[in-house]
Amino acid sequence: APFVPGVTLQSLIDEGVLSHGWKDMSGSIPLDRPLHRHQEVAIRKAVSHRRNLIVSTGTGSGKTESFLVPIVESLLRERQAGTLDRPGVRALLLYPMNALANDQVKRLRSLLADAPDITFGRYTGETPQTQVKAEEDYAQRHPNQRRLPNELISRAQMQAEPPRILLTNYAMLEYLLMRPADST
């Protein structure tokens with residue numbers, strides 16, 4: 001059975017649930033496409049009530065939007081308040097496998113292409129230490145893709161200026177919390 005339809009992101013903007021900053025990113029996420037009802041409910045609870053929630057539904061049902069929209073909304077509100085430039089990670093996306101983190105980075109590239117002030121980075125065992133090595137690695141993996149200025153791709157870069165959205169796995173999270181160079 002198809003998922004129960006919900007409102008559009010544009011409707012949530014019009015209601016004031018989401019900020020107008022989403023209009024700047026409309027090329028990567030259609031504001032007029034109806035959400036599934038479970039996505040709408042999750043977004044409303046996370047944004048309006050600042051509630052923790054669990055979204056449990058099948059593969060391909062839009063769980064990512066259920067948590068990513070509220071995360072980006074929080075960052076858009078920080079931008080509006082003038083606090084986005086304060087250092088520090090705002091959201092930690094924790095994945096059990098690198099493949100899942102890599103898939104999510106692709107989505108963030110698309111979503112945040114028009115938001116150069118919202119930085120993101122994937123910090124896993126595969127992440128090169130130096131910026132030079134990371135640039136070479138990126139060019140080899142993505143030969144025809146322009147790298148976004150807000151995608152941090154080396155450990156050194158993320159240690160110097162932590163991304164607002166950090167993607168990692170359980171093993172690396174332990175290192176990040178334990179090693180002085182990574183705990184900033």
If the chain between Ala171 and Ser61 were fully stretched, how many nm would it gain, using 0.36 nm times the residue separation less the Cα-Cα distance?
-> 36.8 nm
Most mobile of Pro87, Pro143, Pro128 in a GNM of the chain (Cα contacts under 10 Å) | Pro143
Two decimals is fine: what's Rg over Rh for the chain, C-alpha atoms, Kirkwood radius as Rh?
-> 0.97
Quick one: pull the percentage of alpha-carbon pairs in region 43-85 with a separation above 16 Å.
-> 43
With all protein chains present, calculate the accessible area of Lys45 using a 1.4 Å probe and round the result to the nearest 10 Å².
-> 80
Report, to the nearest 10°, how far helix 131-141 tilts away from the longest principal axis of the Cα atoms in the chain, using its own Cα long axis and a range of 0 to 90°.
-> 60
Using 20 Å as the cut-off for backbone N distance, which residues of region 113-145 belong to the label zone defined by a point 7 Å from the Cα of Met97 along Cα→Cβ?
-> 122-127
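Can you give the convex hull volume per residue for the Cα atoms of region 1-88, as a whole number of Å³? Spell out each step's value before the answer.
Values: hull volume 9.9 nm³, N = 88.
Convex hull volume per residue, Cα atoms: 112 Å³.
The values are calculated or read from the model by the stated rules, or taken from the named source; none is laboratory data. Small disclaimer: the values here were computed from a predicted structure and weren't measured. Positions of Cβ are backbone-derived with ideal geometry, glycine not excepted, and every protein chain shown enters the neighbour counts. Ligands, DNA and RNA are excluded from the accessible area calculation, which covers all protein heavy atoms including side chains. Shrake-Rupley method; radii C 1.70, N 1.55, O 1.52, S 1.80 Å.
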